[in-house]
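*Asks:* Below you will find the structure I want to go over with you.
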Amino acid sequence: MILEIDPLGEEPIYKQLRDQIILGIAQQQLKAGDLLPSVRMLADELGVNPMTVSKAYNLLKEEGYLITDRRNGTIVTERSNFDARAKKIYEQRLALLLAEGYLHQQSKEKILHDVETYLNTYSKGCDES
């Protein structure tokens, strides 16, 4: 998986990393058990401060996407259900995203088509669960 950051973008770099790793997991570019590069290795590769990568990894650990094993490094976890806090955040973000689409004149049909298109890219190889 190739991570690309926009150092001049409005989104903080740690959030860009977090979001791209989540997309990579959803699209099966990263699978449960895959080992991620060390904080220093990824920071060097991207040309960013190691604290930035550490912040992204820590956020992903808190959210349950990664675990760290002192001997093996940072590993992608198995998919799991939302806990109550995560479900609330998901619903709030989804509501905001849908509201933005609506306010930008997207029809219900277009929004549903877009949702279906993205879900199809994530569900390849995941339908057995």
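*Asks:* Between the helical axis of 13-26 and the dominant principal axis of the chain, each derived from Cα atoms, what acute angle in degrees is found, rounded to the nearest 10?
*Replies:* Long axis of 13-26 versus the principal axis of the chain: about 70 degrees.
*Asks:* Which ³J(HN,Hα) values in Hz, rounded to whole numbers, follow from the phi angles of segment 34-43 under the Karplus curve 6.51 cos²θ - 1.76 cosθ + 1.60, where θ = phi - 60° and Gly and Pro get x?
*Replies:* Each residue of segment 34-43 in turn: 5, 8, 8, x, 4, 4, 5, 4, 5, 4 Hz.
*Asks:* Could you tally up the Lys pairs in the chain with alpha carbons closer than 17 Å? Skip any pair fewer than 8 positions apart unless they're on separate chains.
*Replies:* Working: 15/55; 15/61; 31/61; 31/124; 61/87.
Within the chain, the lysine pair count is 5.
*Asks:* I would also like to ask the following. Can you tell me the Rg and the Dmax, both Å, for the Cα atoms in the chain?
*Replies:* Taking only Cα atoms of the chain, I get Rg and Dmax of 16.3, 52 Å.
*Asks:* Going by alpha carbons, how many degrees (0 to 90, nearest 10) lie between the helix axis of 50-62 and the longest principal axis of the chain?
*Replies:* Around 60 degrees separate the two axes.
*Asks:* Please give the Cα centre distance for segment 60-97 versus segment 1-18, rounded to the nearest Å.
*Replies:* Centre-to-centre distance over Cα atoms comes out at 18 Å.
*Asks:* If you line up the long axis of helix 108-123 against the longest principal axis of the chain, both from Cα atoms, how many degrees apart are they, to the nearest 10?
*Replies:* Around 30 degrees separate the two axes.
*Asks:* Turning to a different aspect of this structure: Based on the alpha carbons, how large is the Rg to Rh ratio for segment 13-76 when Rh follows Kirkwood?
*Replies:* 0.93
Laboratory data are not the source of any read-out in this text; all were calculated from the coordinates shown. Given the structure is predicted, the values throughout are model-derived calculations rather than measurements.
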